[in-house]
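*Asks:* Supplied in structure tokens, the structure appears directly below.
The values are calculated or read from the model by the stated rules, or taken from the named source; none is laboratory data. Just so you know, these numbers come straight off a predicted model, no measurement behind them. Heads up, the Cβs are rebuilt from the backbone with ideal geometry, glycines too, and the neighbour counts pull from every protein chain shown.
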Amino acid sequence: MSSGDERLPAEPYSFGCSDRRRESGLQSPSARTDRPSAGRPVPANHHRASLAARPAGNPPNVQTENSPGLSPSKAKRFPKYWWLVVLIVMAIAGGIPAVRLQQYWEQRASCQTNLRRLSTALLLYAQDYEGALPPTESRQGDVWRSWVEMADPYKKGQDIEECPSNPAAGARHATLGYPFSCSYALNYRFFGVFAPGPFAVENVEIPAQTVLLVEAGRMREAGPFGPPASPLAMSAYFDTAQTPRAYPSPHDRRMCISAIDGHTVCVRVAHYSPAWHDPMYGRVGRNVYNWNGGHPNGDTGTPPRE
């Protein structure tokens with residue numbers, strides 16, 4: 001028998017599958033005549049004949065929207081620049097906290113700059129008045145003047161009375177009622193506490209640990225961490241534990257303060273409660289105290305009072 005009349009070997013019996021294929025007119029993959037089997041020579045026109053036998057239309061093994069088994073939703077493709085949209089959304093979502101953080105640091109830095117410049121103005125005032133700072137308020141006839149107004153000639157026209165995180169526009173003095181649009185309060189211990197008149201700044205033994213200015217502004221409603229709720233403000237600093245809502249911590253629960261030596265720092269207030277606290281000499285925050293590093297005058301050899 002010639003090679004052209006050669007037949008494929010019979011398919012082995014496999015649980016009746018061959019019979020069912022013969023009855024249904026189907027052929028097994030190994031019995032198909034449109035492709036060669038192993039060991040048979042490939043006719044020259046094999047691929048051309050197999051392609052001609054396929055119906056015209058789509059290429060083999062390619063599915064389209066109308067192909068069975070492919071849903072229209074899967075057939076839809078992403079927009080050409082979908083990845084760019086994703087990047088923009090991620091950049092916006094990630095940039096919001098960064099903007100807020102930057103705003104926080106800018107406002108905090110602005111507050112400390114205000115305190116530094118106010119401290120400089122007060123120390124220049126003291127140089128002209130034999131080391132004495134201005135009183136927290138002074139009455140001239142029927143007009144009350146605050147320490148801010150008395151130090152005004154030394155501020156050189158700078159607008160440094162308000163903290164951007166703790167505005168005090170429209171505020172009035174808490175007890176005297178005169179306008180006091182200032183976010184800061186002056187330590188009252190420099191006038192009339194340890195002596196009938198002013199206490200000279202050069203007589204303070206530990207100036208770097210003695211507070212000069214703290215944040216005040218409009219009083220809070222219930223505590224030092226809420227928003228301003230009252231038009232009243234304090235010009236004098238007494239103690240954080242005695243009147244917590246008068247001396248807030250507007251910088252993420254921190255308060256900016258300045259010491260007599262002119263340096264500023266942002267601290268977590270140590271005592272908003274009177275427990276275990278000395279209201280005259282006790283600590284404000286970190287290593288800055290209400291007076292003389294936590295020591296009475298002339299008694300710096302003992303542990304500081306908390």
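*Asks:* Please enumerate the residues belonging to segment 138-149 that are outside any loop (DSSP other than H, G, I, E, B) and more than 38 Å from the chain's Cα centre (by Cα).
*Replies:* Step one: list which residues in segment 138-149 are outside any loop (DSSP other than H, G, I, E, B), which gives 138-140, 143-149.
Result: S138, R139, Q140, V143, W144, R145.
*Asks:* Here is a further query. Checking the structure you have, find out if any residue of segment 264-272 is out of contact with any Gly (no Cβ under 9 Å at 6 or more places or on another chain) and part of a loop (DSSP other than H, G, I, E, B). So that I can check it myself, show each step before the final result.
*Replies:* Quick first cut of segment 264-272, residues out of contact with any Gly (no Cβ under 9 Å at 6 or more places or on another chain) only: 264.
Now restrict to residues that are part of a loop (DSSP other than H, G, I, E, B): none.
No - not one qualifying residue is present in segment 264-272.
Yes/no per residue for (1) at pLDDT 95 or above; (2) over 23 Å from S138 (Cα atoms):
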position: V193; (1), (2): no, no
position: Q209; (1), (2): yes, yes
position: P228; (1), (2): no, yes
position: D239; (1), (2): yes, no
position: Y247; (1), (2): yes, no
position: M255; (1), (2): yes, yes
position: S258; (1), (2): yes, no
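*Asks:* Among the residues of segment 154-210, which ones are over 30 Å from Y104 (Cβ atoms), among the acidic types (D, E) and touching a Ser or Thr at 6+ places or on another chain (Cβ under 7 Å)?
*Replies:* E205
*Asks:* Quick check on A229: is it within 30 Å of the chain's Cα centre (by Cα), crowded, with 22+ Cβ neighbours inside 10 Å, among the hydrophobic types (A, V, I, L, M, F, W, C) and more than 29 Å from G131 (Cβ to Cβ)?
*Replies:* no
*Asks:* Residue under question is K76, and the condition is that it be at pLDDT below 65, surrounded by fewer than 16 Cβ atoms within 10 Å (Cβ to Cβ) and not β-branched (V, I, T); does it hold?
*Replies:* So K76 fits the description; yes.
*Asks:* Of the numbered conditions (1) modelled with pLDDT under 95; (2) within 18 Å of F190 (Cβ to Cβ); (3) within 28 Å of the chain's Cα centre (by Cα), L213 fails exactly one; give the number of that condition.
*Replies:* Every condition holds for L213 apart from (1).
*Asks:* All but one of (1) closer than 16 Å to L118 by Cα; (2) at pLDDT below 95; (3) touching a strand residue (DSSP E or B) at 6+ places or on another chain (Cβ under 6 Å); (4) surrounded by fewer than 24 Cβ atoms within 10 Å (Cβ to Cβ) hold for S181; which doesn't?
*Replies:* The one condition S181 does not meet is (3).
*Asks:* Could you pull out the residue among Y125, Y129 that is closer than 30 Å to V201 by Cβ, touching a helix residue (DSSP H, G or I) at 6+ places or on another chain (Cβ under 9 Å), at pLDDT 70 or above and not small (G, A, S)?
*Replies:* Details: Y129 fails: touching a helix residue (DSSP H, G or I) at 6+ places or on another chain (Cβ under 9 Å).
It is Y125.
*Asks:* Quick check: is even one residue across segment 118-132 under 24 Å from R245 (Cα atoms) and either without any contact (Cβ under 8 Å) to a residue 60 or more places away in the chain or in a loop (DSSP other than H, G, I, E, B) (or both)?
*Replies:* Within segment 118-132 (the criterion being under 24 Å from R245 (Cα atoms) and either without any contact (Cβ under 8 Å) to a residue 60 or more places away in the chain or in a loop (DSSP other than H, G, I, E, B) (or both)), the answer is no, since none of the residues qualifies.
*Asks:* Is one or more of the residues making up segment 274-292 of a type in the set (K, R), out of contact with any Ser or Thr (no Cβ under 9 Å at 6 or more places or on another chain) and free of Cβ contacts under 8 Å to residues at least 24 places away in the same chain?
*Replies:* Yes.
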